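The values are calculated or read from the model by the stated rules, or taken from the named source; none is laboratory data. The model shown is predicted, which means the values in this text are computed figures rather than measured ones. Every residue, glycine among them, receives a Cβ derived from its backbone with ideal geometry; neighbour counts consider all protein chains shown.
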Amino acid sequence: MVSTRKASFITFVWILLWMSLLGGIVFYYSFRTITLMSDQITPVVTETHKPSSHELIVMTQIKLTLDTLNKYLPLFILALFLASTLLLWICIRFYVVGVMRKLSDTQPESQAKDTQKQKPPEESGPTKQERKKAERFRTLHLISLLQREGRLLDFFNEDLENFSNEQIGAAARKIHADCKSAIQKYIGPKPVMDQDEGETITIAPGFDPSSIKMTGNVSGKPPFKGTLQHRGWRSSKFEMPGLANVKDPNIIAPAEVEVQ
């Protein structure tokens, strides 16, 4: 918009200058011509030998007309050339604005085409089936690690009816230690709140609902005062090993076969 106004103003100034020059030339020669004609008619009207009354009337009317033209000629020429200047400026302005708009419309299109030409073709991403397979694999990956480090699934799927409480306790202690070590190694869980469970705490306004779950008689707006029932857990790190190239994402732990 600024460039259009600037171009329009510059166009108007140039048209005004050239039309002023042309108007001055027309005024100069018109004024000289009328003055010359008036000077030639004046002696005829004022001669001592009087012409016929009819000729005198005609000459007098012509001289009056020339005097009137000579009197109002500057105003007439000024109005004529100002109107011509304004009309010419409007025509040129609409033409210039139209050209500039066409240039501004075609330039982004050309730039977009150049950008598309310069932009390297994007590689095709994974298919929906491949993404679903990867998401399932990542979901089961932690269980697979707990099975590998602590035999967690073996413990859950074991029939404990044939074992004594002492045997179950010893096995559970070993599985607990191994799984805890694996979780601390890969995830590093830390409590969401540092206070002890059973302690009375105050929840200030602006708390994160995803990290603090409110239960009981919850009404109104915070701050809330209550008893800490569970400190919660948050991950302090994420150092999971890379996913193996497994064809079946449902495989949590492969079967083991000892070759004889």
For the range 203-225, what are the residues that are surrounded by 10 or more Cβ atoms within 10 Å (Cβ to Cβ) and within 15 Å of Val192 (Cβ to Cβ)?
-> Ile203, Phe207, Ser211, Ile212, Lys213, Met214
Failed criterion for Ser181 (all others in (1) touching a Ser or Thr at 6+ places or on another chain (Cβ under 7 Å); (2) in the same structural domain as His141 (by TED's automatic domain parsing) hold) | (1)
Examine the range 205-225 for a residue that is outside any loop (DSSP other than H, G, I, E, B) and out of contact with any Cys (no Cβ under 9 Å at 6 or more places or on another chain), and state whether such a residue exists.
-> yes
Filter result for Ile168 (modelled with pLDDT of 75 or more, under 30 Å from Trp18 (Cβ atoms) and either in the same structural domain as Leu16 (by TED's automatic domain parsing) or assigned to a helix (DSSP H, G or I) (or both)) = no
Taking the range 128-164 as the region of interest, how many residues are exposed (fewer than 13 other Cβ atoms within 10 Å of the Cβ) and either in contact with a Cys (Cβ under 9 Å, 6 or more places away or on another chain) or outside any helix (DSSP H, G or I) (or both)?
-> 3
In the range 87-123, how many are at pLDDT 70 or above and exposed (fewer than 14 other Cβ atoms within 10 Å of the Cβ)?
-> 6
